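Right, one structure below, let's go through it.
Just so it is clear, none of the values below were taken in a lab; they were calculated from the coordinates. Worth saying up front: this structure is predicted, and the values here are computed from it rather than measured. Cβ atoms come from the backbone with ideal geometry, glycine included; neighbour counts cover every protein chain shown.
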Amino acid sequence: MPTPATTSLCGRGLVSRQSLSAFTQTPPRSHRLAGCTLRIEAAVATRKERTQNRHKALRNKVNGSSDQPRLAVYRSNNHIYAQVVDDEQQHTLVAASTLMPEIRGQLNGTGGANKEAAVMVGKKIAELCLQKNIGKVCFDRGGNIYHGRVQALAEAAREVGLVF
């Protein structure tokens with residue numbers, strides 16, 4: 001969580017939250033608060049914190065059950081992970097990632113941080129779900145935008161027959 005943004009005008013409380021670096025400015029003499037110092041400090045959330053906040057908001061809306069488990073996607077810089085979770089039982093039903101030996105062997109040393117790897121993981125997770133008679137899931141993009149590797153994984157899972 002970012003450090004709290006404090007913008008004060010002579011102790012009169014919060015005036016605004018802006019993405020500005022900390023600076024000090026003296027208001028003009030004609031201002032009724034003449035002689036006071038305007039101090040603006042604003043904390044900007046890091047990229048990871050913004051992703052975590054989006055994921056928290058998303059998890060309030062998306063919840064997996066035994067009838068329709070949650071397909072959770074995690075994207076790191078080097079790999080992509082997907083797992084199907086029953087939130088009621090707090091149990092992972094199926095999982096796949098670019099670290100699996102069969103997927104890693106198909107990557108031919110290109111690494112797991114590209115769309116081709118995400119497509120392989122999406123197909124694998126869908127195949128594993130269908131083997132366990134899981135045909136319908138709800139998609140949890142993990143706070144990431146639905147674009148690039150996350151989108152490629154989702155579309156590959158849909159092609160194999162997973163419904164969401």
Check: In terms of modelled amide H atoms, which long-range or inter-chain residues lie less than 5 Å from the amide H of Phe139?
Finding: Leu71
Notebook entry, point to check: Between His91 and Glu41, what FRET efficiency comes out of the Förster formula 1/(1 + (r/R0)^6) with R0 = 41 Å and r the beta carbon distance, rounded to 0.05?
Noted result: 0.35
Checklist line | Backbone HN-Hα couplings from phi across segment 128-142 [Karplus 6.51/-1.76/1.60, Hz, Gly and Pro as x] | finding: 5, 5, 5, 5, 8, 6, 10, x, 10, 9, 10, 8, 10, 7, x
Check: Placing +1 at every Lys and Arg Cβ and -1 at every Asp and Glu Cβ, with all other atoms neutral, what dipole size does segment 49-155 have around its Cα centre, in debye to the nearest 20?
Finding: 340
Check: Say R0 is 35 Å: what FRET efficiency, to the nearest 0.05, do Asn53 and Asn108 get from their beta-carbon distance?
Finding: 0.40
Next item on the list: Report relative contact order for segment 71-140 in percent, whole number only (criteria: Cα-Cα under 8 Å, sequence separation at least 6).
Entry: 33
Note to self: Using amide H atoms built in the peptide plane, which far-off residues or other-chain residues are under 5 Å from Leu93 H to H?
What the structure shows: Val84, Val85, Asp86
Next item on the list: Would you please classify the overall shape of segment 44-164 from the alpha carbon gyration tensor, given that a ≥ b ≥ c denote the square roots of the eigenvalues, rounded means a/c under 1.5, and beyond that prolate means a/b larger than b/c while oblate covers the rest?
Entry: oblate
